[in-house]
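Shown next, in structure tokens, is the structure this report addresses.
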Amino acid sequence: MTTGQVSDRFTRGQARLEEISGQDAQAFTESLRDIAPDLARYVVEFAYGDVHSRPGLNAADRQLAVLGALVAQGDTQEQVRRQTGIALHVGLEPRQVVEAVTHLILVVGIPRVLNALVAVRAAIEERGLKADPIEVGANTERQRDRYAYGETRLRQIAGDDGVTVIRALDPIAPDLGRYIVEFAWGEVYDRPGISVRERQLATLGAMIGFGDTPKQQKTHFKIALRQGLTPEELVELVVQVAPKAGFPRVLNALAGLREVLDERGLTV
């Protein structure tokens, strides 16, 4: 791109990219110059000049949603590595990034998370950092009655809506409901490292990135509201995922969010 061709959007996007990624910003645009320079321009202008420059979410919150969307797609290790670098640059600690990705086994499954962690590890090591891993020992209260413990956490975090979802599985797959209560809510959601609010940012980013999870998105939009995310922040979260997951998935997610907000009499 010559000086005469640089748009205001490109200038704004490049400034934003440099702000959140430091020295990596130039390397990204240069890597595409010899094969797809217009693609580099689209990324800088749209993803960073338009979307990432919007108000409504701080940079760390945006990165949790973006990482969720990328991990969900499963074949984006280079982008996960790059976005992990941005997450670290804007103030997330290595252990927070690792915990957010670990949490996503509930949404995208173990293989995608294992692949993503390879990229996360690379980004952390490139910066001479350590993750200081979180290791949760045996919880005697939880192990005495894993279901009761998980159901208590489910009610605390999701309220009656979460219990209704589990009860709906009783006639067809009660063991699946038990696994969700015991493992998802009793173990994973009970881990330290990041808040439940931050878990919802990564979870919703992943669900939108996945693209075929409308019912689950609505459930987790409701949980996000319970955890203090505002309607404006949730709309911004969805918009933020557009450059990573595409417009159709984002439009579907916004339709579900609108239904949740309408049910609660909330506006943006």
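When Gly74, Gly56 are screened for being surrounded by fewer than 24 Cβ atoms within 10 Å (Cβ to Cβ) and without any contact (Cβ under 8 Å) to a residue 60 or more places away in the chain, only Gly74 passes.
Conditions (1) open to solvent by 40 Å² or more (accessible area, probe 1.4 Å); (2) touching a Cys at 6+ places or on another chain (Cβ under 8 Å); (3) part of a helix (DSSP H, G or I); (4) not acidic (Asp, Glu), marked per residue:
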position	(1), (2), (3), (4)
Arg155	yes, no, yes, yes
Asp161	yes, no, yes, no
Ile166	no, no, yes, yes
Ile172	yes, no, no, yes
Asp175	yes, no, yes, no
Tyr179	yes, no, yes, yes
Glu182	no, no, yes, no
Gly186	no, no, yes, yes
Arg191	yes, no, no, yes
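For segment 84-97, name all the residues that are in a loop (DSSP other than H, G, I, E, B), open to solvent by 40 Å² or more (accessible area, probe 1.4 Å) and not small (Gly, Ala, Ser). Of everything in segment 84-97, those that are in a loop (DSSP other than H, G, I, E, B), open to solvent by 40 Å² or more (accessible area, probe 1.4 Å) and not small (Gly, Ala, Ser) turn out to be Val90, Glu93. Restricted to segment 193-229, and to residues there that are assigned to a loop (DSSP other than H, G, I, E, B) and in contact with a helix residue (DSSP H, G or I) (Cβ under 7 Å, 6 or more places away or on another chain), the residue that is modelled with the lowest pLDDT is Gly211. Filtered by the rule that a residue be within 26 Å of Thr29 (Cβ to Cβ) and open to solvent by 50 Å² or more (accessible area, probe 1.4 Å), segment 117-138 gives Val118, Arg121, Glu125, Glu126, Arg127, Gly128, Leu129. Among the residues of segment 98-116, not a single one is out of contact with any strand residue (DSSP E or B) (no Cβ under 6 Å at 6 or more places or on another chain), of a type outside the set (A, V, I, L, M, F, W, C), buried (at least 19 other Cβ atoms within 10 Å of the Cβ) and not in a helix (DSSP H, G or I). Hey, among the residues in segment 143-195 that are among the charged types (D, E, K, R) and touching a residue at least 60 places away in the same chain (Cβ under 8 Å), which one's farthest from Phe221 (Cα to Cα)? Only one residue tops the list, namely Arg191.
Scan segment 196-214 for residues that are farther than 22 Å from Arg82 by Cβ, in contact (Cβ under 8 Å) with a residue 24 or more places away in the chain and open to solvent by 20 Å² or more (accessible area, probe 1.4 Å) and jot them down. Val196, Arg197, Pro214 - these are the residues of segment 196-214 that are farther than 22 Å from Arg82 by Cβ, in contact (Cβ under 8 Å) with a residue 24 or more places away in the chain and open to solvent by 20 Å² or more (accessible area, probe 1.4 Å). Could you list, in sequence order, all residues of segment 251-268 that are in a helix (DSSP H, G or I) and either open to solvent by less than 10 Å² (accessible area, probe 1.4 Å) or in contact with a Pro (Cβ under 7 Å, 6 or more places away or on another chain) (or both)? Within segment 251-268, Asn252, Ala253, Gly256, Leu257, Val260, Leu261 qualify.
Residue pairs whose Cβ atoms lie under 9 Å apart, separated by 6 or more positions or on different chains, with the first residue in segment 27-52 and closer than 15 Å to Thr11 by Cα and the second at pLDDT 90 or above and acidic (Asp, Glu), are Gly49/Asp8.
Yes/no matrix, rows are residues, columns are (1) open to solvent by less than 20 Å² (accessible area, probe 1.4 Å); (2) closer than 23 Å to Thr230 by Cβ:
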position: Ile20; (1), (2): yes, yes
position: Gln26; (1), (2): no, no
position: Ala47; (1), (2): yes, no
position: His52; (1), (2): yes, yes
position: Glu78; (1), (2): no, no
position: Arg81; (1), (2): no, no
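Taken as a whole, the structure leaves Ala123 outside the set of residues that are modelled with pLDDT of 95 or more, within 29 Å of Ala255 (Cα to Cα) and touching a helix residue (DSSP H, G or I) at 6+ places or on another chain (Cβ under 9 Å).
The values are calculated or read from the model by the stated rules, or taken from the named source; none is laboratory data. Since we're looking at a predicted model, the values are computed, not measured. Reconstructed Cβ throughout: ideal geometry from the backbone, glycine too, with neighbour counts over all protein chains shown. The accessibility values were calculated without ligands, DNA or RNA, using every heavy atom of the protein model including side chains. Shrake-Rupley method; radii C 1.70, N 1.55, O 1.52, S 1.80 Å.
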